[in-house]
Amino acid sequence: AGNVLVVWQDAVSVGDDTSLTSVQARTFAASGVPLGPQVQVNDGTIGRQANAVAASAPDGTFVIAWTDDPYGEPGGGDGAGAGVRARKVAADGTLLGSGFSVNSFTTGEQSFPSIAFLAEGDFVVAWTSEQDGSVYSIQGRRYDAAGNAIGAEFLVNTSTTGYQYRAQVGRALDG
């Protein structure tokens, strides 16, 4: 239908997140008319929710991913530090289900996600991780259209020296 979803990091939240920052979103029709109110995307409210990205699915829904960073507060992130979370959103901006953890490796920082949809509605999330023995690596994970993980997260980069940082994932038009 040509709907557009805008996501951002907000220091003054609309919703129940009164910590450092939250992830907010609003959906618009192709004409620019808002389809609903601004909504808080993150359901975890400890620390800083940041680096939000979004992608649109072939069926008109969206997925938003972000960094859930406890920023020194106990109980946030993925339990051991900053983690990557995601959430599905309907074409009209309605939040679908709860947010879910993308990374399963929880040592150190997991941050700066990127998302791309495949032709059949599956999607891939890539992110920066402190996982391969270097300073940072690029990890990825594939999901089905419902948001269920297909397999484990996987290492993208082959070089493990120094920084592998801030991946961007895309999809070819032919799928």
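Order the following by accessible area, largest value first: Tyr165, Tyr143. Probe radius 1.4 Å; ligands, DNA and RNA are ignored.
Reading off the accessible areas and sorting them downward yields Tyr165, Tyr143.
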FRET efficiency for Ala152 and Asp59 from the Cβ-Cβ distance with R0 = 35 Å, rounded to 0.05, comes out at 0.85
Cα extents of the chain along the principal axes, largest first, in whole Å, come to 48, 43, 23
For the chain, the dipole about the Cα centre with charges only on Cβ (Lys and Arg +1, Asp and Glu -1), to the nearest 20 debye, works out at 260
Residue-normalised value, i.e. accessible area per residue, for the chain at 1.4 Å probe, in Å², stands at 46
Net charge near Asp59 (other residues with Cβ under 15 Å of its Cβ; Lys, Arg +1; Asp, Glu -1) is -2
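Multiply the residue separation of Asp92 and Val39 by 0.36 nm, subtract the distance between their alpha-carbon atoms, and state the gained length in nm to one decimal.
17.9 nm
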Among Gly47, Pro58, Ala90, the residue whose Cα sits farthest towards the positive end of the charge dipole of the chain (+1 at Cβ of Lys and Arg, -1 at Cβ of Asp and Glu, taken about the Cα centre) is Pro58
Out of Asp144, Asp17, Asp68, a Gaussian network model of the chain with alpha-carbon springs under 10 Å gives the largest mean-square fluctuation to Asp144
In the chain, taking the dipole from +1 charges on Lys and Arg beta carbons and -1 charges on Asp and Glu beta carbons about the Cα centre, the listed residue (Ala29, Tyr163, Val124) farthest towards the positive end is Ala29
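Any idea what the dipole of region 77-174 comes to, in debye rounded to 20, about its Cα centre with Lys/Arg Cβ at +1 and Asp/Glu Cβ at -1?
The calculated dipole for region 77-174 is roughly 140 debye.
The values are calculated or read from the model by the stated rules, or taken from the named source; none is laboratory data. All of these numbers come straight from a predicted model, not from anything done at the bench. So basically every Cβ, Gly included, is an ideal-geometry build from the backbone, and we count neighbours across all protein chains shown. Each accessible area value is taken on the protein alone, full model and side chains, heavy atoms only, with ligands, DNA and RNA left out. Shrake-Rupley method; radii C 1.70, N 1.55, O 1.52, S 1.80 Å.
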